[in-house]
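First the structure, in the form of structure tokens, and then the observations on it.
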Amino acid sequence: MFKNSLFLFACLIIYCHATNITPIPQTIEFNYNKAILGKKLFFDNKLSKDNTISCATCHDLNNGGDDGLQFSFGVNGALGNVNAPTVLNSYFNFRQFWDGRAKDLKEQAAGPIENPIEMAHNFKLLIEKLEKTEYKEIFKKIYSNGITKDNIVDAISEFEKTLITPNSRFDKFLLGNKEAISKYEKEGYELFINKGCIACHHGINVGGNHYNKFGAFNYIASDNLGRYEVTKKDEDKYYFKVPSLRNIELTSPYFHDGREPDLKKAVETMSLVQLGRPITNEEIDKIVSFLKTLTGQVKIIE
């Protein structure tokens, strides 16, 4: 009870100081040549040990930026144990991965390439492979030292930076078009605020800017210990990076373990275990209607 009270107090502080949702900008600054190279790498199966897996395999840019699976498959059919988060708008996250182990997109981009259940490669062999292709000259034109681990992940992360989704109907509403969303959707937004969802899901990414405990008010089983796997601190057990709600209607299944395929059920679960509050079917429907206004337009550079 005491820990829950402290958590509620912390949520109230967040709620009082950070309850705004900020529109995604139309553009951000990036290095075009690096991003184009990163795009080529992002879609290239050569990054995997057996030439079967690319970044785009688990991050379908035209379908929410993930793969729609509970767990992704890697080289030789290896099955992961964490739901692949969307890559869209990941530039706006304060950390990367569910457990926050990567401080930025560059650190994130390096992980899957050498992960044995993802691309199962290593950078030494990958660099040797790429040196025998057209990549050798492409890298030399952009990076004075050619193909290196740092340059590979720098290029990929520069492309991932560009994957923002502006022009959602809710962003248009925030920018002054009061007809961009319906009365019903506005009521969903009001519930989103009044129920307390916005205490964790706020800012430009409607999430992605701090950690929270999975099961803050009511116990919910999880085999994954979250942030604890990084810090080994008991107080970090079951803490995960709060996910972005941008394009949420496209990123099923939900939660770090992909346990829930239905958005309405996900909202109900969050209300009960994260907020400790009952919620009616009508309230769920209204909140879901609001969440669907967060779907933006994917911009892929050419």
**Charge sum, other residues only, whose C-beta stays under 15 Å from residue 82's C-beta, Lys/Arg counted +1 and Asp/Glu -1** = -3
**Request:** With a 1.4 Å probe and every protein chain left in place, tell me how much accessible area residue 237 has, in Å² to the nearest 10.
**Result:** 70 Å²
**Complete:** Here the Kirkwood hydrodynamic radius of the chain, Cα-based and in Å, equals 20.3 Å
**Asked** Of 141/161; 195/237; 132/241, which sit over 29 Å apart, Cα to Cα?
**Response** 132/241
**Prompt:** Rounded, prolate or oblate: which fits the stretch 169-293, taking a ≥ b ≥ c as square roots of the Cα gyration tensor eigenvalues, rounded meaning a/c under 1.5, else prolate when a/b beats b/c?
**Reply:** prolate
**Prompt:** What's the extension gain from residue 50 to residue 78 if we count 0.36 nm per residue and subtract their Cα-Cα distance?
**Reply:** 8.8 nm
**Request:** Can you send over the carbon and sulfur percentage of the accessible area for the stretch 168-271, probe radius 1.4 Å, protein chains only?
**Result:** 51 percent
**Prompt:** Tell me, what is the Rg over Rh of the stretch 32-162, with Rh the Kirkwood radius over Cα pairs?
**Reply:** 0.94
**Asked** Accessible area per residue of the chain at 1.4 Å probe, in Å²?
**Response** 49 Å²
**Prompt:** If you roll a 1.4 Å probe over the stretch 32-162 with all protein chains in place, what percent of the accessible area is carbon or sulfur?
**Reply:** 51 percent
**Asked** Can you give the extra length, in nm with one decimal, that the chain gains between residue 104 and residue 144 once fully stretched, where that is 0.36 nm per residue apart less the Cα-Cα distance?
**Response** 12.1 nm
**Prompt:** If you place +1 on the Cβ of every Lys and Arg and -1 on the Cβ of every Asp and Glu, how big does the dipole about the Cα centre of the stretch 243-286 come out, in debye to the nearest 20?
**Reply:** 120 debye
**Message:** Just to verify a number: FRET efficiency for residue 33 and residue 282, C-beta to C-beta distance, R0 = 45 Å, to 0.05?
**Reply:** 0.30
**Request:** Please give every one of the aspartates and glutamates within straight-line cross-link reach of residue 34, meaning a C-alpha to C-alpha distance under 16 Å, and leave out same-chain neighbours fewer than 8 residues apart.
**Result:** 44, 134, 137, 150, 154, 158, 160, 302
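The values are calculated or read from the model by the stated rules, or taken from the named source; none is laboratory data. Nothing here was measured: the structure is a model prediction, and the numbers come from that model. Using ideal geometry, Cβ is built from the backbone for each residue, glycine included, and neighbour counts are taken over all protein chains shown. Side chains included, ligands, DNA and RNA excluded: accessible areas come from the protein's heavy atoms. Shrake-Rupley method; radii C 1.70, N 1.55, O 1.52, S 1.80 Å.
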